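Single-structure report; data block below.
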Amino acid sequence: GSAQIVELSVNNTNVTAYAAFEGGKLARAVFVNLGAWLQSSTGTRPSVHIGFGTMAGSATLRRLAIQHADDTANLTWAGQSFETADVSPAGSVVTETVVLSQGFDIHSTEAVLLGTYAEAQRKM
């Protein structure tokens, strides 16, 4: 109820990002790579590196992923699929730890949620 949402500037026209601040502190951020990786795509799937400069600390990362933008199945959220008869999650939750000063890569047709910031020393 008290979160403030701010659009983040990303130096790539295929990536959009938003951050949520709670109590004036960065709580989480979402990044979406709008580059379409299709079944007809060839070569290596492109990715964009997201860097945070000298921001200290770490964050957890969860990915919303699918093999191709035009697939109709096999979407996963943090490693889990919800394509079950009762829509309950299948598989184990997969999270990554991101050292903010090192950043992370986001592939085409993928979204990530960063959260649980540990000791981030400056605001984005």
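Placing unit charges on the Cβ atoms of the charged side chains and taking the dipole of region 1-118 about its Cα centre, the candidate lying farthest along the positive direction among Ala85, Thr54, Phe21 is Thr54. A Cβ-based charge dipole, computed about the Cα centre of the chain with Lys and Arg at +1 and Asp and Glu at -1, lands at about 420 debye. Given a 1.4 Å probe and the protein chains as shown, Thr44 ends up with an accessible area of around 120 Å². Averaged per residue, the chain has 60 square angstrom of accessible surface, using a 1.4 angstrom probe with ligands and nucleic acids left out. Not counting the cut sites, what is the longest span of the chain without trypsin sites (Lys or Arg not before Pro) that DSSP labels loop and that have at most 16 other Cβ atoms within 10 Å? The answer is 1-121. When only alpha carbons are used to place a centre, region 1-36 and region 40-119 end up 15 Å from one another.
Taking Val32, Val94 and ordering them by how much accessible surface each has at a 1.4 Å probe, largest first, produces Val94, Val32. Per-residue surface analysis assigns His107 an accessible area of about 70 Å², computed on protein heavy atoms at 1.4 Å probe radius. Qualifying GluC sites (Glu not before Pro) in region 18-124, where qualification requires a DSSP coil assignment and no more than 12 other C-beta atoms within 10 Å, comprise Glu83, Glu119. Candidates (i) 2, 10, 14, 14, 13, 11, 9, 7, 5, 4, 3, 3, 2, 2, 1, 0, 0; (ii) 2, 10, 18, 21, 19, 15, 9, 4, 1, 0; (iii) 2, 10, 20, 24, 20, 12, 7, 3, 1, 0, 0; which is the computed P(r) over Cα pairs in 5 Å bins from 0, in percent? Evaluating P(r) over Cα pairs in 5 Å bins from 0, in percent on these atoms matches (ii). Placing R0 at 35 angstrom, the Cβ-Cβ distance between Ile66 and Ser2 gives a FRET efficiency of 0.60 after rounding to 0.05.
The values are calculated or read from the model by the stated rules, or taken from the named source; none is laboratory data. Note that the structure is a prediction, hence the values are computed from the model and not measured. Don't worry about glycine lacking a Cβ; one is built from the backbone with ideal geometry, like all the others, and counts go over all protein chains shown. Heads up: the accessible areas ignore ligands, DNA and RNA and are worked out on the full protein's heavy atoms, side chains in. Shrake-Rupley method; radii C 1.70, N 1.55, O 1.52, S 1.80 Å.
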